[in-house]
Amino acid sequence: MLSFVEYEVVHSEQIEPVTFYVKDTITNDLIDPISGSWSLIRIDTDAAVDTGTFGPSGGTGITRIEEGIYNFSFDAATYPYEYDLSLKYILQNETVAQDIFIKPISSKYYAYAARLSNQVDKARKSIKDEIENMDRSSANYNPSIQFFYGYSMKHYAFYLERGCQYLNAIPPYTSLTVDSFPFTHHGAILIDAATIAALESQGVFAIDTDYSYSLGGNSLVIDHYTKLSGFTQQILNRFQTIVLSWKQQFRATGNIIWQFTPGGMRTARLYGVLPSGYWSRVLSAFTQ
C-alpha cells in the first residue's frame, strides 16, 4: 500500500474545501479511483468524529471537480480542533492511503502571514512577468501573463508557529502562540523567527536541487545554498542579540512563595537564585 501525508490550513469558523489529488502510481497522471473511504480523526483524542465513502463521481462530503481532483468540505465551525483526514482509495494497480493534517487557524495567522510574505517571498515583490507573444497578429496574443511562484498559506502558518517555538525555547521559557503573541509592539521579532524557519526550509530544498556541471571548458553552477546560508547567519546574529534582551521582560512576572522552615532555603541562597534586578522591578510595579 502506498502511503503519504499532507498539510492544509483552513480559516476558523468557515466552511472551506480541502483539495486532494488522485494520481496513477505508475504514470503520475490524474485518474479517478475505483472506490474509497474517509475518516475525520480528531488529533488530541485520536477518535474518528465522522466517516464516509466516495467513488469516481464523489460521495459523502466529497465533490469531484474533474478527473482525479476532489474537494472535501471541511466545516471549521463544527470541527474547531486539529484533524487528520484519513483517505483510503483503490486504484486499478494500487491501494493508496493518504492523510491530510487539517488545522483551523484564526485571522491573526493571515494578517501576520501578509507581513511574512513581504519579507521572504520574492514573487510577492514582483508578481507580474511580462511575457509577450512575438506574433502580435495572432488571435492568441496575450500581452502579459501573471505568475505567482510563492509560498502558500500553509507554509506561512507553519513558519509562524515554528518561529514561536524558537522564541519559547530561549530562556526564560514561555508558551507564546501565534494567537497570543504581542505582535503590535514586537511583531518584528516573530517575523524574524519565522523568516529563519522559512530560510531553513529553503536551504533543505537547495541542497537537493543545486547543481554543478562542466564540460569542455563550459560550466553551469546553480548554488542557492551558499547564499542562503550566509544570509541566514546574518539574521541569526541579529536575532540572537535582540531576542536574548527581549526575553528578559518575562523574568519580572510571576510570584515567589517563600516559607521559613527548619532546614529550608537560607536567605542568602534565596537571594542568589533570584534574577538580576528582580526586587527593583517588583518595587517599581508597586509604586506605579
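The values are calculated or read from the model by the stated rules, or taken from the named source; none is laboratory data. Worth saying up front: this structure is predicted, and the values here are computed from it rather than measured. Cβ coordinates were reconstructed from backbone atoms using ideal geometry, including for glycine residues, and neighbour counts include every protein chain displayed.
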TODO: Looking only at the stretch 64-103, count how many residues are closer than 14 Å to GLU6 by Cα, surrounded by 15 or more Cβ atoms within 10 Å (Cβ to Cβ) and among the aliphatic types (A, V, I, L, M).
DONE: 5
- [ ] Hey, can you tell me all the residues within the stretch 5-55 that are in a strand (DSSP E or B) and of a type in the set (Ser, Thr, Tyr)?
- [x] TYR7, THR19, TYR21, SER35, SER37, SER39, THR51, THR53
Task: Selected residue (criterion: modelled with the highest pLDDT) from residues of the stretch 56-76 that are within 22 Å of GLU13 (Cα to Cα) and not in a strand (DSSP E or B) - done: ALA76
- [ ] Tell me, please, whether a residue that is modelled with pLDDT of 90 or more, part of a strand (DSSP E or B) and in contact with a helix residue (DSSP H, G or I) (Cβ under 7 Å, 6 or more places away or on another chain) can be found in the stretch 77-98.
- [x] no
TODO: Kindly provide the set of residues from the stretch 141-174 that are over 16 Å from VAL243 (Cβ atoms) and modelled with pLDDT of 65 or more, ordered by number.
DONE: GLY150, TYR151, SER152, MET153, LYS154, HIS155, TYR156, ALA157, PHE158, TYR159, GLU161
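Which one is nearest to ASP210 (Cα to Cα), of the residues in the stretch 225-237 that are over 22 Å from the mean Cα position of the chain (by Cα) and at pLDDT below 90?
Step one: of the stretch 225-237, the residues over 22 Å from the mean Cα position of the chain (by Cα) are 226-227, 230, 234, 237.
Subsequent filtering for residues that are at pLDDT below 90 retains 226-227, 230, 234.
Details: THR226: 10, LYS227: 12, GLY230: 16, GLN234: 22 Å.
In this case the residue turns out to be THR226.
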Open item on the list: Need the failing condition index for PHE20 against (1) surrounded by 15 or more Cβ atoms within 10 Å (Cβ to Cβ); (2) in contact with a Gly (Cβ under 8 Å, 6 or more places away or on another chain); (3) in contact (Cβ under 8 Å) with a residue 24 or more places away in the chain; (4) over 16 Å from TYR79 (Cα atoms), just the number.
Closed with: (2)
TODO: Any chance you could count how many residues in the stretch 201-252 are within 30 Å of HIS185 (Cβ to Cβ), loosely packed, with under 14 Cβ neighbours inside 10 Å and among the charged types (D, E, K, R)?
DONE: 1
TODO: Check ASP121, ASP210 and return the single one that is acidic (Asp, Glu), within 22 Å of the chain's Cα centre (by Cα) and modelled with pLDDT under 90.
DONE: ASP121
- [ ] Mind listing just one residue for me: the one in the stretch 99-118 that is at pLDDT 95 or above and over 13 Å from the mean Cα position of the chain (by Cα) and, of those, nearest to TYR81 (Cα to Cα)?
- [x] SER106
Task: Near pairs, Cβ below 8 angstrom, 6+ apart or cross-chain, from the stretch 152-169 (in contact (Cβ under 8 Å) with a residue 60 or more places away in the chain) to any residue that is of a type in the set (A, V, I, L, M) and in a helix (DSSP H, G or I) - done: MET153/ALA113; ALA157/ALA113; PHE158/ALA197; LEU167/ILE189; LEU167/LEU190; LEU167/ALA193; LEU167/VAL243
Open item on the list: So SER39 ticks every box in (1) in contact with an Asp or Glu (Cβ under 9 Å, 6 or more places away or on another chain); (2) at pLDDT below 95; (3) not charged (D, E, K, R) but one. Which box is left unticked?
Closed with: (2)
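Conditions tested, residue by residue: (1) within 21 Å of LYS103 (Cβ to Cβ); (2) among the aromatic types (Phe, Trp, Tyr); (3) under 24 Å from the mean Cα position of the chain (by Cα).
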| residue | (1), (2), (3) |
| --- | --- |
| MET1 | no, no, no |
| VAL9 | yes, no, yes |
| ILE15 | yes, no, yes |
| TYR21 | yes, yes, yes |
| ILE43 | yes, no, yes |
| ALA47 | yes, no, no |
